[in-house]
Amino acid sequence: MIFAGVTGLKKVDFLIRPLAKLFAEKLGLPRELENVKTREKVRIFDVEKKIVALSRLQDIIHFLEITDMERKQEIWEKAFSEIINEIENMEEKGGKVAFVSMHFMYYRGVPFSLVNIRLLEILKPDIIITLDDDCYHRWEWIRRREVERPAATYLRLKEVLFWSLVEKTIVDMISRKLNIDSLLMAIKHPIETFYELLSSKKPIIYFSHPMTRIYEAPDDERRDMFNEINDVKRKIEEKAVILEPATIDDRAIIRAFERKDKGEVIIRKSDRWPLSTDKGPYPINLRIDEVEELLVRDKYNKTLIDHYVRLRDYSYIDKCDALIAYRPTYRGGSRGISEEVSYARIKGKACWGIIPPQDPQLEGHPLEGNITPVSMNELIKCLDELQRKSLGIYIE
């Protein structure tokens, strides 16, 4: 399987290595990935590290600085071909799981790709997962890397966001061409969610719930809602794989911008939807002019963040087997949940809603007729009967 994603994700450290260790454990192998027995069955292949090794350069930045594009292409293809050979040798000896980490799009002043579709077709991965994260966290990791290892790299927030969009677009085009499953997924999903996605037959659920309305609530009520939603998620996760929209919360930028002080926009952990998987870093000092670029409204009154949130959430819905809307009428309901439910219905997905007595009921509400209200017990029964129809990759 391939894990794509741009710079600033720290995808090997935060996801791929812990996930590989979990797969090894589930296969009854030592978690140490360098263990001989484990290495025969579970391995990580890093395209960028292979490039650096083959080119004998100091790091990937020096590779990207090569002005001869044909030379760069040649090195990339040699690196990827070696990885293909290593994976084939591993499979011949009974290997189970190979993780490939790579960029589909590089950025050095301008975006460019070195991906050879023919080589990808030879590899024929079971799935390509394009990882993503809050754009301010990617921006901050890139900034911190530049402080530690100066490489004349500076990306504006808008460039960081667009880079992710281009990466996703390239992956989508190639996966359709080669008929390979693909999925955009936030790296802040729990490791166990990735494992269940790839190794189980549990159905995939898009978990729609209030976010903006919760931030409008008093502090005590907001904390209660955070805990309540987490409790519901834990119950659903026993029966299904959850794609959680709050695993990317770029609207934290807006919350920080609204209280800007002395020309600074500072994102604190309290600005972001709370997640146990949030490794930070915080605080993050952003430039106001860069934030303002993201908040310019178009003729539809939408910001770039609005458009990206919709693109990501709808891509989740495309891959899910059903949508669960938790408290969709809370504080009168939200436009976001209504749009997600409408899109899910257009895509032929089952839509269930949990609406407690204290919330407005569906009668006369715009969601009436689009959501089937259920109790938690009824929902569990529905999930027991639901079968996964997409992403049919089951590693045993």
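The values are calculated or read from the model by the stated rules, or taken from the named source; none is laboratory data. As the structure is a prediction and not an experimental result, all values here were calculated from the model. A quick note on method: Cβ atoms are made from the backbone with ideal geometry, for glycine too, and the neighbour counts reach across all protein chains shown.
Points worth noting:
- Residue in segment 75-95 that is touching a residue at least 24 places away in the same chain (Cβ under 8 Å), hydrophobic (A, V, I, L, M, F, W, C) and within 30 Å of Tyr282 (Cβ to Cβ) present: no
- Residue within segment 369-378 that is in contact with a Phe, Trp or Tyr (Cβ under 9 Å, 6 or more places away or on another chain), closer than 30 Å to Met1 by Cα and surrounded by 13 or more Cβ atoms within 10 Å (Cβ to Cβ) present: no
- Tallying residues that are aliphatic (A, V, I, L, M), more than 30 Å from Lys41 (Cβ to Cβ) and in a loop (DSSP other than H, G, I, E, B) within segment 351-396 yields 6.
- Unmet requirement for Gly8, which otherwise passes all of (1) in a loop (DSSP other than H, G, I, E, B); (2) at pLDDT 95 or above: (2)
- Some residue of segment 94-102 being out of contact with any Asp or Glu (no Cβ under 9 Å at 6 or more places or on another chain), of a type outside the set (A, V, I, L, M, F, W, C) and under 30 Å from Pro150 (Cβ atoms): no
- In the set Ile127, Ile44, Ile83, only one residue is under 22 Å from Leu165 (Cβ atoms) and in contact with a strand residue (DSSP E or B) (Cβ under 9 Å, 6 or more places away or on another chain); that residue is Ile127.
- Remark: Leu29 matches the filter, which requires a residue to be under 27 Å from Glu192 (Cα atoms), assigned by TED's automatic domain parsing to the domain that holds Val12 and without any contact (Cβ under 8 Å) to a residue 40 or more places away in the chain.
- The strands (runs of 3 or more DSSP E) falling completely within segment 97-147 that include 2 or more residues that are assigned by TED's automatic domain parsing to the domain that holds His189 and over 16 Å from the mean Cα position of the chain (by Cα) map to 97-102, 106-108, 110-112.
- Qualifying residue in segment 304-316 (condition: more than 23 Å from Ala240 (Cα to Cα), in the same structural domain as Asp231 (by TED's automatic domain parsing) and among the acidic types (Asp, Glu)): yes
- Single residue of Arg149, Arg145, Arg118 found to be more than 23 Å from Glu340 (Cα to Cα) and at pLDDT 95 or above: Arg118
- Among residues of segment 181-228, those that are more than 22 Å from Phe3 (Cβ to Cβ), of a type in the set (Lys, Arg) and out of contact with any Phe, Trp or Tyr (no Cβ under 6 Å at 6 or more places or on another chain), counted: 2
- Within segment 383-391, the presence of at least one residue that is closer than 21 Å to Pro203 by Cα, loosely packed, with under 14 Cβ neighbours inside 10 Å and free of Cβ contacts under 8 Å to residues at least 12 places away in the same chain is confirmed.
- Selection status of Pro150, within 20 Å of the chain's Cα centre (by Cα) and not assigned by TED's automatic domain parsing to the domain that holds Glu293: no
- Filter pass, Leu22 being more than 23 Å from Glu140 (Cα to Cα), modelled with pLDDT under 95 and of a type in the set (A, V, I, L, M, F, W, C): no
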